[in-house]
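Let me begin by presenting the structure, written as structure tokens, before commenting on it.
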Ligand SMILES: NC(=O)c1ccc[n+]([C@@H]2O[C@H](COP(=O)([O-])OP(=O)(O)OC[C@H]3O[C@@H](n4cnc5c(N)ncnc54)[C@H](O)[C@@H]3O)[C@@H](O)[C@H]2O)c1
């Protein structure tokens, strides 16, 4: 049975109107993009299509990406925006009202905080940070400077996710004691790609920025940084945050009490260093969460390779991505319920609804759907699991204070040294 009608009521019930058009502001916002790669350009195109953006600057440390972005914006708007290699020069010269940040993860904190301090509202890609204390510093800056910071966890405004949340809250799934989140993408061991000279036009030193300066490898940039722990946090930091955020949204919890993770690199021999296999458990007061990922062994044995299962006393709800949501009742005589996903192209996302929610929050002075606080909490779950994996220990988390209890070594991993001249942001 399809439940398409659920969308409207669900959106209304959660106080959101994801497809509402911006109407009240006459002038488009002065928008700048830092990180003009794959996802940054998806956001910027969407902002232009929404009619609420005028591009006043583009920043990228790779001239190839920068020029391609300038060409495209010129083609779309008839105006070629100024290009910058250094985000600080962009903020100083262009004085944007909104900054989109879509760099690799290790640059999120410095870019976001500088943008906030310059007076801009920020659309910040997930995960909010590469280490925990950076996320706290972004949250603190957003509150101090009273700027809206929307995180790119667009599943909070995606129609089938909204209606799944409303369905869970009707009590139809019963009391939920466990949620299992997972992403299993197939792949093989891979092969080594040799290091190389950085391509002409790429400022590799600036790309690495506050992170360690590794030799350039074409596997890292563009897009491959996700599987290198100097710059990101593997599949958990990349994909896990989306699903852990859905669980925090459903439960209205902010943080787990304990976190344990194990895993390793059992298959990959491709020069990346993030775990190809990982399991994490998170204990909350009334339910337990698990995360699993595997970067190999695509198969037809498992029904779906992505999403969360909510296990309740009345049945199990699978919340997925392209496959919408499906409820399997415990009573086998009851019908299975299903709702399709309704996603935007390219890449099956809900950026438009997230962008409109963002500009609405700026106009009204309210918190957006994916406020930095939500992004910080979901990111923290991923980062804590990575610390547990590295230390091999279960962590007791004092989420209210943002500290790990009784474990100085693990606590020291809530941050990391920055490469000079960059200075680690203080919350
Ligand atoms: N919300 C989502 O569903 C979603 C989807 C995809 C990617 N993302 C996020 O978007 C971000 C970018 O990912 P991507 O796949 O587009 O990567 P990408 O490699 O295609 O783009 C990143 C760009 O940032 C540039 N860059 C690096 N350092 C910079 C700096 N200091 N200043 C300016 N530019 C710099 C790179 O040269 C590159 O052009 C990541 O944080 C990723 O997690 C989010």
field: Members of the stretch 205-218 that are within 12 Å of the ligand (Cβ to nearest atom) and either touching a residue at least 60 places away in the same chain (Cβ under 8 Å) or crowded, with 20+ Cβ neighbours inside 10 Å (or both)
entry: 206, 207, 208, 209, 210, 211
- prompt: Is it fair to say residue 254 is within 30 Å of residue 370 (Cα to Cα) and surrounded by fewer than 22 Cβ atoms within 10 Å (Cβ to Cβ)?
  reply: yes
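Among what's in the stretch 48-82 and is in a loop (DSSP other than H, G, I, E, B) and more than 8 Å from the ligand (Cβ to nearest atom), pick the residue that is nearest to residue 206 (Cα to Cα).
In this case the residue turns out to be 82.
For the stretch 219-242, give me each residue that is on the phi > 0 side of the Ramachandran plot and touching a strand residue (DSSP E or B) at 6+ places or on another chain (Cβ under 8 Å).
234, the sole residue that qualifies.
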query: How do the pairs read when you match residues in the stretch 290-316 that are over 21 Å from residue 234 (Cβ atoms) with residues anywhere that are surrounded by 15 or more Cβ atoms within 10 Å (Cβ to Cβ) and at pLDDT below 95, using Cβ under 6 Å and keeping only pairs 6 or more apart or on different chains?
result: none
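Quick test for you: out of 179, 151, pick the one residue that is touching a residue at least 12 places away in the same chain (Cβ under 8 Å), within 15 Å of the chain's Cα centre (by Cα) and either surrounded by 22 or more Cβ atoms within 10 Å (Cβ to Cβ) or within 13 Å of the ligand (Cβ to nearest atom) (or both).
Values: 179 fails: within 15 Å of the chain's Cα centre (by Cα).
Sole residue among the options that is touching a residue at least 12 places away in the same chain (Cβ under 8 Å), within 15 Å of the chain's Cα centre (by Cα) and either surrounded by 22 or more Cβ atoms within 10 Å (Cβ to Cβ) or within 13 Å of the ligand (Cβ to nearest atom) (or both): 151.
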message: Scan the stretch 330-338 and tell me whether some residue there is without any contact (Cβ under 8 Å) to a residue 60 or more places away in the chain and within 24 Å of the chain's Cα centre (by Cα).
response: no
message: It is to be established whether one or more residues within the stretch 184-195 are exposed (fewer than 14 other Cβ atoms within 10 Å of the Cβ), within 22 Å of the chain's Cα centre (by Cα) and outside any strand (DSSP E or B).
response: yes
query: Applying the selection to the stretch 83-121, what residues are without any contact (Cβ under 8 Å) to a residue 40 or more places away in the chain and within 14 Å of the ligand (Cβ to nearest atom)?
result: 83, 84, 88, 89, 108, 112, 114
message: Consider the stretch 112-136. How many of its residues are in a helix (DSSP H, G or I) and either crowded, with 24+ Cβ neighbours inside 10 Å or outside the structural domain of residue 43 (by TED's automatic domain parsing) (or both)?
response: 6
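The values are calculated or read from the model by the stated rules, or taken from the named source; none is laboratory data. These numbers were taken from a predicted model, which means no experiment stands behind them. Backbone-built Cβ (ideal geometry, glycine too); neighbour counts: all protein chains shown.
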